[in-house]
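J.: A single structure is presented below for examination.
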Amino acid sequence: MSRPSRQQRALAVELLRAAIGVVHLVGSRRALGRPAVLARVLGVRQVTQAGLVLRVGTPDAHTVSALVDATHGVTMVPLALLDRQSRRFAVRQLWIATLLTVLEVALVGRGGKR
């Protein structure tokens, strides 16, 4: 069995991202207050990001996407440490952001000419 192409791997990553966004949007209907708002914003961001990265499809788009995910993960650390009400949400987001960052970086590789 042959290894999936970079385009197939990129499609899989962005479909995963879009699915996470949809889960956020659906889950926000059951939540109240701040978690509901955060889930809606993140859901829209994930779905939009997946669509844009798929449309552009360049290594630079995946690099920017990884930077967005890494930044999101870093912003969740103080929230997890300082806000008891949002701690579970923030830790979950940190794991998701880390996973998506690693997947995006794996798609791009070291960035050298091949």
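J.: Could you check the simple spin-label distance between Leu32 and Ala12, using points 7 Å along Cα→Cβ, in nm with one decimal?
T.: It works out to 4.2 nm between the two label points.
J.: Could you check the simple spin-label distance between Val64 and Val23, using points 7 Å along Cα→Cβ, in nm with one decimal?
T.: For Val64 paired with Val23, the spin-label model returns 2.6 nm.
J.: Also, I was wondering about something else. Quick one: the Cα spread of the chain along its three principal axes, in angstroms, biggest first?
T.: 47, 27, 26
J.: Which value, in debye to the nearest 20, gives the size of the charge dipole of the chain about its Cα centre, when Lys and Arg are +1 and Asp and Glu are -1 at the Cβ? Walk me through the numbers on the way to the answer.
T.: Working: 17 positive and 5 negative charges, 39 e Å.
The dipole of the chain has a size of about 180 debye.
J.: Turning to a different aspect of this structure: Do the sum for the chain: with -39,500 (n - 2.57) for every DSSP H run of n ≥ 4, divided by all residues, what is the mean residue ellipticity at 222 nm, to the nearest 500 deg cm²/dmol? Provide the component values of the computation, followed by the final result.
T.: Details: 4 runs with 93 residues, N = 114.
The helix-only estimate for the chain comes to -28500 deg cm²/dmol at 222 nm.
J.: Among the trypsin sites (Lys or Arg not before Pro) within segment 1-108, which fall in a DSSP loop and have no more than 11 other Cβ atoms within 10 Å of their own Cβ? Numbers along the way, then the final one.
T.: Numbers: sites: Arg6, Arg9, Arg17, Arg29, Arg30, Arg40, Arg45, Arg55, Arg84, Arg87, Arg88, Arg92; in loops: Arg29, Arg30.
Answer by residue number: Arg29, Arg30.
Throughout, read-outs are computed from the coordinates displayed, never taken from laboratory work. Computed from a prediction, not measured in an experiment: that's the story for all the values here. Cβ atoms come from the backbone with ideal geometry, glycine included; neighbour counts cover every protein chain shown.
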